[in-house]
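Notes for the one structure printed next.
Taken together, the values in this text are just the output of simple stated rules run on the coordinates, not laboratory data. Quick caveat: nothing in here was measured; it's all calculated off a predicted structure.
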Amino acid sequence: DGTPAEKAEKLVRRMSEISFTDDTRAELTPCVIIYTSLIDTWGKSKLPDAPDHALRLLQEMQRGKKKKTMPNTVTLNVVLKIYCQHGKADEAWKLLNQSK
């Protein structure tokens, strides 16, 4: 069970596991669009810890260092939007400045 965001994250994790363990299923490897959509889903959840989930996923994408999953401008904008929607504009500014 869980929230739609939790279910979506579970699905993305499963896609990643399958693509990692089965070379014939590489098309299931989540890309930047999938991750950005997942981050956006956390933002739409309205949960108070949504910014934490968004930042965790952004950092996970950055650590992966794979071109297919590196965050882009859209990804960063979605994370910033979530921070602002949750009254965390100062943290959004800090994140933006770190991203330069």
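Taking the longest Cα principal axis of the chain as reference, the axis of helix 32-44 is set at about 50 degrees.
Compared with the dominant Cα axis of the chain, that is its longest principal axis, helix 4-21 is turned about 40°.
Once the Cα-Cα distance is subtracted from the 0.36 nm per residue extended length, the E60 to D22 segment shows a gain of 11.5 nm. Taking 0.36 nm per residue of sequence separation and removing the Cα-Cα distance, the D52/D1 pair yields an extension gain of 16.3 nm. Of the Cα atoms belonging to the chain, the radius of gyration and Dmax stand at 13.8, 45 Å. Could you work out how far helix 73-85 tilts from the main Cα principal axis of the chain, as a 0 to 90 degree angle to the nearest 10? Taking the Cα atoms of the chain, the angle to 73-85 is about 50 degrees.
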